[in-house]
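All of the numbers you see were taken from the coordinates with simple rules; none came from a lab. Note that this is a predicted model, so its numbers are computed, not measured. Cβ atoms come from the backbone with ideal geometry, glycine included; neighbour counts cover every protein chain shown.
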Amino acid sequence: MGSGGPEYAWLMSGIKDEKFCEVENPDAEMAAVLVEFDDITTIMLIVTQSRLIFNDGASNSHIEHAFRLLKSGEEVISRHLKHAEYYEFLDWAGKGRFDLKPYEGTIGLATPKKVKAKTTKKIMLVSGGLDSSYMFLTENVDRYIYIDFGNMDSKYEQKVLKKLGIPYELIKIDKLPIKNGIVQARNFKFMLAIRDKNPNCNLEVYIGNNLDDEVDNALIPDNLQYTLKRAEEAIDLMYYGVSFKIISPLVQMTKVEIAEKYVELCKEKYGNIILPHWCEVGPKHCGKCLSCKSVNKQILEILDA
């Protein structure tokens, strides 16, 4: 069916003048018309035109109607695009206005039914480093977990946890591969380990990523919020009957700001500074490994290290 047909004009006018408000079941009405379009070019044209309306500063109701139209076209669009391509396309159409989760509510595709457990546990991933040590002093959670992945500095990290008085649970996993000094997919594998150890409840996992991870240290992929969000979505979808969420409370703070606040809170709680551990190869700052390079001179001075 061509893009100049009456159905196309009806659909577009429906977006513009909120015609869909006037029908009893607007989603069914839109779907009934849109399903007649069987070529992807027409579907993309409809979506593109909808995006132009977004750009023109359409009201919230207009945007909602347009988006409902896009969602009604999933059955048609999914015939032509792979899942990932489809959601990329739909997110582009919505210009980032919509938090889309793959396969949720998709017509004609297998959709996992999420049945949430009644219990939710808040778990903090602790490492003895600056970020998680500060997070321990500022956030209230149910449990603390330290993961030993065969890292050389495990015993030094755990010494810090004990000095801080963190009642942590130890989980040991297989040694993780390292490439160019970067532990591959470390946070993702940590999250899977925590999920597997707590299979029967909803989880909110607190992780100490900071603003510097997003800017200066962006070469480490699984430290980025972009990557963590996708890890969260994958784990949330793949485990039946429970939900999963990653929380990064420090993501708006720089490492320097965290160090300053940590020193204040340490002195209040312990009367002195409990020095966090960050070196990947030994007990003291080596200045060569990636972790030591992320701790600059200013931070060392603040911590009196």
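If you count Lys pairs in the range 125-194 whose Cα atoms are under 18 Å apart, skipping same-chain pairs closer than 8 places in sequence, the total is 8. Distance from the alpha carbon centroid of the range 231-253 to that of the range 162-218 works out to 12 angstrom. Once you have a ≥ b ≥ c as the square roots of the Cα gyration tensor eigenvalues for the range 221-287, tell me rounded if a/c is under 1.5, and otherwise prolate or oblate according to whether a/b is larger than b/c. Here the range 221-287 falls in the prolate category.
A protection proxy built from the mean count of other Cβ atoms within 10 Å ranks the segments 170-182, 246-258, most packed first, as 246-258, 170-182. The peptide list 150-157, 119-126, put in order of mean Cβ contacts within 10 Å with the highest first, becomes 119-126, 150-157. Would you please give the residues with an amide H less than 5 Å from that of Glu169, counting only those at least 5 places away or on a separate chain, with H modeled from the backbone geometry? So Glu169 has HN proximity to Tyr144, Ile145, Tyr146.
Distance between the 7 Å Cα→Cβ label points at Glu233 and Lys159: 4.3 nm.
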